[in-house]
Amino acid sequence: MYYKFLCSLSLLPALTAVGKSDAQRPNVIVIVADDLGYGDVSAYGSTTIHTPHIDRLAQQGVCFTNGHATSATSTPSRYGLLTGMYPWKNKNAHILPGDAPLLIGEDQFTMPKMFRHAGYTTAAIGKWHLGMGRGTIDWNRHIAPGAREVGFDYSCLLSATVDRVPTVYVENGDVLGLDPNDPIEVSYKANFEGEPTALTHPELLTRQKWSHGHNNTVINGIGRIGFMRGGKTAIWSDEDMADFLLGKVTSFIDTIGSRPFFLYYGLHEPHVPRVPHPRFVGATTMGPRGDAIVEADWCVGELMRKLEEKNLLENTLIIFTSDNGPVLDDGYQDGAVELVGNHDQNGGYRGGKYSLFEAGTRVPLFLYWKGHVRPRVSTALVSQHDLLASFAALIGEEVPKGLDSENHIQTFLGRKKSGRSGMVIEAMGMLAWRSGEYALLPPYKGAKRNTTGNEVGRVDELSLYHLSSDQHQEVNIARQKPSLLRRLQEDFNKATQGYRK
């Protein structure tokens, strides 16, 4: 492998089988970073960024070296995780604007609904990007349906991403801190008359300048995607976001008492615009992107400290992962490209965010459960959208027929070496197939790179790569392996029947 893995290997015997009484059903926390690459975490061997708190989860839990998101972009990836369905089966599961209606159906089976049915209190805090409301959203009234209607008892969310309007928090369906005399207006079609933008008033860009896109409404000295007017008392502080959201997380844990809980914690780092708190500025030599990763690591450490303080750590299962692969220049001139040095955010793999190549969906993935999971490295092929069925098996719940999520709880707990036999991955509407250490990419027409500079995974001919011997996917072995190619094609076609364009 490209990196020398720091996660500890273990040959300890398997633990007892999973059942309803196993630790009386643990609390479950799923932490999802935003655009964090496989090579951005020092547990996988990076020496340029140090993430000791995230590393703790990896070194004292199950460290997956072949763990995947279902998609190389945020909205579909999170949709797959929470619903257990391939996102490409939902035609609306693409990168959503900040004013999009709720993507998940109110009648749809979801991970939080499953936990709620089992008696858990559920919460979603942080990045959402799955839409909310119906039709045109009135941000000045209660917004529904939303997180509550898909299974979360409590929520405090960014409606979309940090670089999209509205730049406000939505708590339990209501915008926090809103002055009714200064109503919010949002549009992704046209600017509001007389309102300045990054194009018309570049002097307003006092924090970061845009490189592509991100030249609409300027908020906190930063250009955003989309147009917004009003709501000034509700606008978030970019540099205080990590502290604010972490405060909501710790408050939730403080008030939960002895009840079991499920928490979905959506970190906003290191998505653009990268504006870490001043105490993290200069933590790395890589500018805001590197510093934001250190800030995210601190958030994980503070969460662990809270669990220890409340004597909850031994009965809390924690998943840490990322929604998709990394990107450097995603729309702002923040020095990410110029200051990257010899850091490889992709961890030796090709592509990154937006890409069908491996770094688009191969992401950090660790499972930690103190006293129940023993340290080990797993090379099993696993997918985030299998967490739903696997958690159901862990706590004795049933899932409906027809889900794409598979029960691999023994693999996630490090008790079984094998994982998925194959899975479909998606990037910007394109589909590919992963099986074992093989990646099958069909040809797609169009540009090889997008505006970020990342390769998007468009190949000119049907391509088969053996990732163990060709980590960077440079050698197409399709003609050398006709029987294998035929079998993988058949599996891919069966899995995507009726959905491929």
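A few notes on this one:
- For segment 92-187, trypsin sites (Lys or Arg not before Pro) are listed when DSSP marks them as loop and at most 15 other Cβ atoms sit within 10 Å of their Cβ; the list is 134, 141.
- Coupling constants for segment 41-48 follow from the phi torsions by the Karplus curve (6.51 cos²θ - 1.76 cosθ + 1.60, θ = phi - 60°), and in residue order they are 10, 6, 4, 8, x, 5, 10, 9 Hz; glycine and proline get x.
- Of all accessible heavy-atom area on segment 64-118, the percent that carbon and sulfur account for (1.4 Å): 52 percent
- 5 Å binning of all Cα-Cα separations within segment 446-501, expressed as whole percents from 0 upward: 4, 16, 18, 22, 21, 14, 4, 0
- Surrounding net charge for residue 489, when Lys and Arg each add one and Asp and Glu each subtract one, Cβ distance under 14 Å: +4
- In segment 374-448, trypsin sites (Lys or Arg not before Pro) in a DSSP loop with at most 12 other beta-carbon atoms within 10 Å: 401, 417, 445, 448
- Report summary: the helix-based calculation at 222 nm, which adds -39500 (n - 2.57) for every DSSP H run with n ≥ 4 and divides by the residues of the chain, gives -5500 deg cm²/dmol.
- Taking amide hydrogens as placed 1.01 Å from N in the peptide plane, the amide H of residue 463 sits under 5 Å from those of 441, each at least 5 positions away in sequence or on another chain.
- Think of a 1.4 Å ball rolled over the protein heavy atoms: the chain then has 38 Å² of accessible area per residue.
- Euclidean distance of C-alpha centroids, segment 363-418 and segment 437-501, integer Å: 26 Å
- In order along segment 243-255, the phi-based Karplus estimate (6.51 cos²θ - 1.76 cosθ + 1.60, θ = phi - 60°) of 3J(HN,Hα) comes to 5, 4, 5, 4, x, 5, 5, 5, 5, 4, 5, 5, 9 Hz; Gly and Pro are listed as x.
- Dimensionless Rg ratio for segment 247-298, taking C-alpha atoms and the 2.2 N^0.38 Å reference: 1.45
- The alpha carbon gyration tensor of segment 152-310 gives principal lengths a ≥ b ≥ c with a/c of 1.5 or higher and a/b no greater than b/c, which makes the shape oblate.
- Amide proton proximity set for residue 365, modelled H, under 5 Å, gap of 5+: 64
- Share, in percent, of DSSP beta bridges within the chain that are antiparallel, nearest 5: 50 percent
- Filter on 127/494; 209/232; 91/401; 209/448; 91/113 - keep pairs with C-alpha separation over 28 Å: 127/494
- Computed log₁₀ I(q)/I(0) - Debye formula, equal Cα scatterers, no solvent, segment 392-501, q 0.14 Å⁻¹: -0.71
- Test item: Cα-centred dipole of the chain, Lys/Arg +1 and Asp/Glu -1 on Cβ, debye: 1700 debye
- For residue 350, the residues whose modelled amide H falls within less than 5 Å of its own, excluding neighbours fewer than 5 places apart on the same chain, are 358, 359.
The values are calculated or read from the model by the stated rules, or taken from the named source; none is laboratory data. In this text the structure is predicted, and so the values were computed from the model without any measurement. As a convention, Cβ positions derive from the backbone with ideal geometry for all residues, glycine included, and neighbour counts pool all protein chains shown. Just the protein is used for accessible areas: all its heavy atoms, side chains included, with ligands, DNA and RNA removed. Shrake-Rupley method; radii C 1.70, N 1.55, O 1.52, S 1.80 Å.
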